[in-house]
1. Just to be sure before I move on: is A:G283 within 14 Å of chain B (Cβ to nearest Cβ) and either in contact with a Pro (Cβ under 6 Å, 6 or more places away or on another chain) or open to solvent by 20 Å² or more (accessible area, probe 1.4 Å) (or both) in the structure I sent?
2. Only one of A:G230, A:G223, A:G132 is without any contact (Cβ under 8 Å) to a residue 40 or more places away in the chain, touching a Gly at 6+ places or on another chain (Cβ under 9 Å) and open to solvent by less than 50 Å² (accessible area, probe 1.4 Å). Can you tell me which?
3. With the checklist (1) open to solvent by less than 50 Å² (accessible area, probe 1.4 Å); (2) within 30 Å of B:G246 (Cα to Cα) in hand, flag the one item B:A384 doesn't pass.
4. Between B:L313, B:L307, B:L376, which is away from chain A (no Cβ under 14 Å) and at negative phi?
5. Within the group A:T67, A:T117, A:T108, A:T59, which residue is over 33 Å from the mean Cα position of the chain (by Cα) and either of a type in the set (S, T, Y) or away from chain B (no Cβ under 14 Å) (or both)?
6. When only residues in the range A:179-220 that are of a type in the set (A, V, I, L, M, F, W, C) and in contact (Cβ under 8 Å) with a residue 40 or more places away in the chain count, which is nearest to A:I259 (Cα to Cα)?
7. For A:Y278, which of the numbered conditions (1) more than 14 Å from every other protein chain (Cβ to nearest Cβ); (2) crowded, with 18+ Cβ neighbours inside 10 Å; (3) not basic (K, R) fails to hold?
Amino acid sequence: MADKNNTSEPDKTGHSWDGIEEYNNPLPRWWLWTFYVTIVWALIYTILYPAWPGINSATPGILGYSTRANVAEEIEAVSEANAGLDARLVETELGEVMADADLARYVTAGGAAVFRTYCAQCHGAGAAGVVGGYPNLLDDDWLWGGTKEEVYQTIAHGIRWETDDDTRYSEMPAFGEVLSSAEVKSVVEFVLQIGGEDHDADRAALGAPIFADNCASCHGDAGIGDPSLGAPNLTDAIWLYGSDREALSATVRYARFGIMPAWTGRLTESQLRQVTLYVHQLGGGE
Amino acid sequence: MTTSQPIPQEPPQLYAAREPIFPKRVSGKFRALKWWIMGVTLAIYYLTPWIRWDRGPNLPDQAVLVDLAGRRFYFFWIEIWPHEFYLVAGLLIMAGIGLFLFTAALGRVWCGYTCPQTVWTDLFILVERWIEGDRNARIRLWRSSYDLKKWRLRLTKWTAWLLIAIATGGAWVFYFADAPTLLVNLLTLEAPFVAYASIGVLTATTFVFGGFMREQVCIYMCPWPRIQAAMMDEETLTVSYREHRGEPRGKKHENRTGDCIDCMACVNVCPMGIDIRDGQQLECITCALCIDACDDIMDKIGKPRGLIDYLTLSDQVREEAGGAPRPIWQHILRLRTMIYTAIWAAIGVGLVVALFIRPEIDLTVAPERNPIFVTLSDGSIRNAYEVRLRNKHGDEREFRLSITSQDPLRIGLQGTPTLRVMVPADSSFNQRVYITARSDLEAASQSQSDVRIWVEDMTNGDRAHADTVFHGDSQ
């Protein structure tokens, strides 16, 4: 609306280019002050808090604020808060812990944290293990026993961990030095047969007496294994090193010597119990 | 590029100080309406947290409560859980479309009548007028130097403002905790720091925005005035000056001048400090106080009311050509506003339906992905699921889980041999669930098969379900 009475025509800056003039719509002065305040604020902030970078570190700020120190404090506070639960957990029988609702929550959450920190490197974040020597902890097959006490023993003292006196060893001979190539082939077919896999029945029949003579002392006559010796069950559907002929021949020829560290000393007694019960409740515990 | 003009003597100022505004008292129908709206909106704001609402023993008895720690929102008989936030999102969309609707029909009616900035500024101006007098007295006081009287009036005014500001900041925190308990805690200095901090910040903003910034907030800080221009059209009713009737303005001489006697009444009452006779402006919040002021003058000089009026641009053109303005309902009931109303109402109906078909029990299922399946020693395939069960009742309930699927799959719960689980009152409960397929079933070797997990409330037989998939060993 053109308006002859309009008196609020804005001032002009006085700039004019080819007849085009520029209006001067001044900003409010408080806006400028707000800008100055932000500068002052920023300077004060850099004095109070860590800010200016140096060669080795930044200026620490006179408030002594540090996110790292905050985290350390929080961790300290949490472990102090959990001290009572830790003491209770160590005093309680492993079998009774899950009946105590507070402890059950504590070991499930705490055990998960311990597992992800120390165990996940080999057994995987989801505890599914890796075919090729790292057991799956979710299934119902246990190389060294799946009761709470047996799981605790394995975690606390490890497998084949020589610095721990209570560690356990499985002693499978390398049958490549004892059996001929043909015999190894036959016994592999027999193992495939009792494991319910595709196999050569004639060859397996040849393997049966070889198995009875050489393997049954640890794996049992029927091949169901013995957790006290760390001898795996060969009749189930779970194969730690895979179920192909190549992997099985290698096992028979050279034997397998899986290693797990002993965690006593590196983890507290409470942590050992937490991770034991966590692993036990993952779905396979006996 | 050449400068064709000499550089002026004084360089132009890039920053301008705020021009003080001294709105004059006015009475009339719009002023009366605004007093009512101010009373009602302020009452809603200050009093709502104090309304009690009985929900049973385990739940809070505050009618409107945002329980941030417990992650619940209570609104009278409605209780909203975090996963139902879409209801709040729907309300926000309705608020947005409502603004479209009102702006298309009535211009900046939100700004003029109900915006908190307008309401509190109006309240602060009211207090200012009580203490320091009306426009002329305030201008005199502003011009005078600081003597005892000025200090007394100023300090009285600032104290009154501060009390309102504290009450405003204080009322806010009561929406987030049990109001009577929090009030006692605040007074005995036992309330959490965040409560004091919130009150402090909101007190400061209320005091500064209502007392000193006022129209600066609308003009320089608020994005809404910039957006609203796109939502208004020539059929939008907005506060306008009937220029063809008023001009030329000046002392009243029959046949020589228009109806505007240039008394400045409209300018003197304006809280934004503008002259409505300059036409529609960014600064105008359409509070309509100039209409009241001008109608009063028109009555006194014996001219018809409505020199300043709610008017559309199209009517202005029509009237200038000698026609009559179209009736108001024709401006309001048109395609655009009806479309907005239809969308607004459709979302509203949708929300109400969503609210009423909400189940009292609920579950969500998250399949375990690492690993997606586990082979058991007998060759069967097992999948794990995190099932979150929600019990919205005020008492503990026993839930039973079951599945339906193509193949006869087995369901089992972690930690219990039964399929039943107790879920505490008004809470959600995580339960790990295992589903197992025998090795000879198709599901065991199929990469995916559909599974439906059911939950049944054993108290009243209510059922809910969630669909998920079972992963087999397809290699």
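The values are calculated or read from the model by the stated rules, or taken from the named source; none is laboratory data. Quick caveat, the model's predicted, so the values are computed rather than measured. So basically every Cβ, Gly included, is an ideal-geometry build from the backbone, and we count neighbours across all protein chains shown. Only protein heavy atoms, including side chains, enter the accessible area calculation; ligands, DNA and RNA are left aside. Shrake-Rupley method; radii C 1.70, N 1.55, O 1.52, S 1.80 Å.
1. Yes: the conditions hold for A:G283.
2. Every option except A:G223 fails the conditions.
3. Every condition holds for B:A384 apart from (2).
4. B:L307
5. Step by step, each of A:T67, A:T117, A:T108, A:T59 is checked, and only A:T59 is over 33 Å from the mean Cα position of the chain (by Cα) and either of a type in the set (S, T, Y) or away from chain B (no Cβ under 14 Å) (or both).
6. Ranking the candidates gives A:C218 first.
7. So A:Y278 meets the others, but not (1).
Okay, residues lined up against (1) among the small types (G, A, S); (2) under 25 Å from B:G98 (Cα atoms); (3) away from chain A (no Cβ under 12 Å):
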site	(1), (2), (3)
B:G246	yes, no, no
B:R256	no, no, yes
B:M264	no, no, yes
B:L289	no, yes, yes
B:I301	no, no, yes
B:G322	yes, no, yes
B:P325	no, no, yes
